[in-house]
Every structure is written in structure tokens, then in C-alpha cells.
Amino acid sequence: MILIVDSGATKSDWIALDEKGDQLFMTQTLGLSPEVLTRPVIEDRLANNFELSKNRERVTHLFFYGAGCGTDRMKKFLGDIFKDFFPNAKAEVKEDTYAAIFATTKVGQHGIVCILGTGSNCSYYDGERLHQKVTSLGYIPMDDGSGNFFGRKLIRDYYFNKIPKDLATKFENEYDLDADVIKENLYKQPNPNTYLATFARFIVENKDHPYSRGVIDKGFQQFVNNYIMQFELATKVPVSFVGSIAHYLRDELTAVIERNDLVLGVIRQRPIEGLVEFHRANL
């Protein structure tokens, strides 16, 4: 049995294939980002999934693409957990950017591939290898244009009284904005980045409001400036995106891409389908 996993900070999509490439099952767990979760939490999320627990000894290969897996230390951390949980499996752990690449760009093609979901990232693919200009420092100082970026912006603007009154009232009615609740989730609960990203839904649902339009436009432009434009070939190769923010704000993202004379490639909400196609072709 082969397991293919696309793991973001919020959730992880798992698809199992047999040796012929036929799908056996699809399941989902919460995100397994090693940067923000402890080993016991990750082990608990694996053990509490019925399909994974039932088939743990049948797995022979695990291809895991995850947020927070950009360093050797994090890859080893997760690899050791998988070795114990899937005792008969050979596990390969790669950062989630590779999932975005395999889901949007054919082998041999050149392109820039970006992630705009709970977090954000950007890489150049030369047809064989991945190149990055920006080393991520995590969700607090980085992640421009992502769900947690927009969530953080909303909370800050609300508390600094920078959201127009009509929109602020609507925001209050839809979310618990009590300071103690926010601080509890940010500083005492796991996955503060995911918590921040939950507020991005409000930006998406109210994207036509002048305030939201400005926040979205500036956030995407900041992502272009800080991430995409790091590459010398930025305006000469397709720029593709995966992630919920890119998907739900497709029109707004497209406008920013075109304004900067960039070539828009593919936008996919979830890369898991493209990953399965890639691995089926390489069985």
C-alpha cells in the first residue's frame, strides 16, 4: 500500500493506492506541521484516524508533503514518528512546496510555484530541482498574503479601530473577539497560525467591501514584492498557485499578477489530486 499525503497547517489529505495505482481509500486528519506540534500531538492525530490505524502495518511507502518540513531537522522529526507508526513503510518527507510543484508543473517545465493557504511560500522550479530565495521563519514574521496573514491583519485593525464601523459590527457578530479568548488561542492553545487563519473567511466573504479590497490587494502585492520578485525570471515563466486563499480570491489574485506583468499559470485549491497523478505515473 502506498500513502500520499498533502499536509497543510490546518488539515492533511491522505490517499492510499495499491501497487497498480488504484485508490483504496481517502481520509483526512488535522494538520501535522512539525514546527508547531509536539510528537505526542502528532502521534495522537495519527492514532485517532480509523483508516490509518487499521492499515498501519500494510503501508510500504509513504510520500509526505507537509508545511513546516523545509529543514532536515523537521524532516527527521516527522520521519522518526512515521517509522514507529508505519513500521513496514519507507517514508519520504518533503516540504509542501514539492506538492504544489508536482500538482501544477510538469516535469521538465520551468515555473514559479506559490502556496497561499493557511501559510504562504514561493519557489522556482527549473524542471528538475527546487530553488528558494526566502527562508521561512514561520507564521509570525512571514507568510505574506496567507490566511493567517489576513487574520492577523483583521484582528490588529479591529483593536486599533481601523475597520469601518459597518464592517466592524458585522465582524463582532460573527466572531468571539474578546481579548482573553484571542490571547488564549494565540498563546496557550496549539496551532495559533490555524486559529488566525479562521478569520480569513471573513475577508473572503466580504471581499467586495472597500476595506477588504484594500487589505487583499495590499496583502497580495506584498507577497509579490517579497516572494515572487526575488526571482530574476519572475516575469518570464508561469506563476502557479495552490491553496484555499488563492482559490477563493482567484479574481483578486489574478488582478495583482497581471498588474505586475507576471504570467499566471495554474490555480488549484488542493494539490492532492495532482500528487496522485504524479505518483501513479511513477509507480
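How high is the relative contact order of the chain, in percent, with contacts defined as C-alpha pairs under 8 Å that are six or more residues apart?
This gives 19 percent for the chain.
Rounded to whole Hz and in sequence order, give me ³J(HN,Hα) for segment 268-283 from the Karplus expression 6.51 cos²θ - 1.76 cosθ + 1.60, θ = phi - 60°, writing x for Gly and Pro.
Once rounded to whole Hz, the list reads 10, 5, 10, x, 4, 5, x, 5, 4, 4, 4, 6, 4, 6, 10, 5.
I want to check the label-to-label distance for residue 232 and residue 137. Put each point 7 Å from Cα in the C-beta direction and report it in nm to one decimal.
That separation, rounded to one decimal, is 2.7 nm.
Per residue, what volume in Å³ does the convex hull of the Cα atoms of segment 108-205 enclose?
Dividing the Cα hull volume of segment 108-205 by its residues yields 118 Å³.
Fully extended, how many nm does the chain gain between residue 162 and residue 180 (0.36 nm per residue separation, minus their Cα-Cα distance)?
Gain in length upon complete extension: 4.4 nm.
If I model a spin label as a point 7 Å beyond the Cα along the Cα-Cβ vector, how far apart are those points for residue 39 and residue 109 in nm?
Placing both labels 7 Å along Cα→Cβ, they lie 4.1 nm apart.
List, largest first, the extents of the alpha carbons of segment 1-64 along their principal axes, each in whole Å.
Rounded to whole Å, the extents work out to 36, 20, 16 Å.
Would you please name the GluC sites (Glu not before Pro) within segment 112-186 that are DSSP coil residues with at most 15 other C-beta atoms within 10 Å of their C-beta?
Loop-located and lightly packed - 128.
Between residue 23 and residue 189, how high is the FRET efficiency from 1/(1 + (r/R0)^6) when r is the Cβ-Cβ distance and R₀ = 35 Å? Nearest 0.05.
0.50
For segment 257-262, just list the computed ³J(HN,Hα) in residue order, Karplus coefficients 6.51, -1.76 and 1.60, θ = phi - 60°, integers in Hz, with x standing in for Gly and Pro.
Karplus-based 3J(HN,Hα) across segment 257-262 equals 4, 5, 4, 9, 6, 9 Hz.
Apply the Karplus curve 6.51 cos²θ - 1.76 cosθ + 1.60, θ = phi - 60°, to the phi angles in segment 107-123 and return the couplings in whole Hz, x for Gly and Pro.
Coupling constants for segment 107-123: 4, x, 7, 9, x, 9, 10, 10, 10, 10, x, 4, x, 9, 6, 7, 9 Hz.
Measure off 7 Å from each Cα along the Cα-to-Cβ vector at residue 72 and residue 170, then give the distance between these two points in nanometres to one decimal.
Using points 7 Å along Cα→Cβ, the separation is 5.1 nm.
Could you list which residues have their amide H under 5 Å from that of residue 122, counting only those 5 or more apart in sequence or on another chain, with H placed in the peptide plane?
115
Taking a threshold of 20 Å on the Cα-Cα distance, which of the pairs 133/207; 76/106; 54/90; 54/75 fall above it?
Exceeds cut-off: 133/207; 76/106; 54/75.
Please give the helix 210-226 orientation as an angle from the longest Cα principal axis of the chain, in degrees from 0 to 90, rounded to the nearest 10.
The helix 210-226 is inclined about 50 degrees to the chain.
Every number in this text was worked out from the coordinates using simple rules, so none of it is lab data. Keep in mind that what you see is a predicted model, and the values were worked out from it rather than measured. Methodologically, a virtual Cβ is constructed for each residue, glycine included, from the backbone with ideal geometry; neighbour enumeration extends over all protein chains shown.
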